[in-house]
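Worksheet: the structure to be examined is printed underneath.
The values are calculated or read from the model by the stated rules, or taken from the named source; none is laboratory data. Please read these numbers as outputs of a predicted model, since none were measured by experiment. No Cβ is skipped: glycine too gets one built from the backbone with ideal geometry, and neighbour counts run over all protein chains shown. These area figures cover heavy atoms from the full protein model, side chains too; ligands, DNA and RNA do not enter into them. Shrake-Rupley method; radii C 1.70, N 1.55, O 1.52, S 1.80 Å.
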Amino acid sequence: MTAVESVTRVIDALDRLAIPYMVVGSFSSNIYGEPRSTKDADFVLQLGDTPIAKLANEIGADFVLDPQMTFETITATTRYRLRHQQTAFLIEFFLLSTDPHDQLRFSRRKVGVIGSRNICIPTVEDVMITKLRWSLHGKRQKDVDDVRNVMEVQFGKLDLSYIRHWCDQHGTRELFEKLLADAERFQQGLP
């Protein structure tokens, strides 16, 4: 089973159970930038009263739910992990938190496409804001690289004031401005 097939299986189950979601992480940045390979897919869910075990059962027996939930500290939310037994592809479910940006990006989600499937994804600006935030707190270079990639592809189409507002809130404005200056040089063909 490919990564896209795994994601599609999850989305089918979410749709059958009428669970609002959005695909985040590298899958969403791949839609807006140059795709890179990934070993997992991240979802934000508005689970409501649906037990996570019911969702896991709906996805299928070849996916195994880690019975130990974890706490994600950046947005103060609960995380569940589901692994495909044969391929070890990991699905991470983050419950929608009360974090102001988490709430806003969920309300702003839009339709994107993976393979031939329509899916719910954050806006390009919200992808960048979240990846910058994760890069700062998680010290993850791949998130910075994803933002750089998306910015180069989407240059000139971004709501910079919206991004700057949230970067100011999250303490990532300096990094954003550096990446924006790099993207401007890239657009001009400068080193």
Exercise for the section: Loop only per DSSP, at most 15 neighbouring Cβ atoms within 10 Å: give me the trypsin sites (Lys or Arg not before Pro) in the range 104-141, ordered by residue number. Expected result: Arg108, Lys139, Arg140
Practice task
Count the DSSP beta bridges whose two residues both fall in the chain, then state the antiparallel fraction as a percent rounded to the nearest 5.
Solution key: 75 percent
Practice task
Determine, from the Cβ-Cβ distance of Arg16 and Gln169 and an R0 of 41 Å, the FRET efficiency 1/(1 + (r/R0)^6), rounded to the nearest 0.05.
Solution key: 0.70
Exercise for the section: For n ≥ 4 DSSP H runs only, could you compute -39500 (n - 2.57) per run for the chain, divide by its residues and tell me the 222 nm figure to the nearest 500? Expected result: -15000 deg cm²/dmol
Handout entry: Accessible surface of the chain, 1.4 Å probe, proportion on carbon and sulfur as whole %
Key = 51 percent
Practice task
Determine the distance separating the Cα centre of the range 62-139 from the Cα centre of the range 16-58; give it in Å without decimals.
Solution key: 6 Å
Completion exercise
To the nearest Å², the heavy-atom accessible area per residue of the chain with 1.4 Å probe amounts to 50 Å²
Completion exercise
Too long for a 20 Å Cα-Cα cut-off, among Lys110/Lys157; Lys39/Lys157; Lys54/Lys131, are Lys39/Lys157; Lys54/Lys131
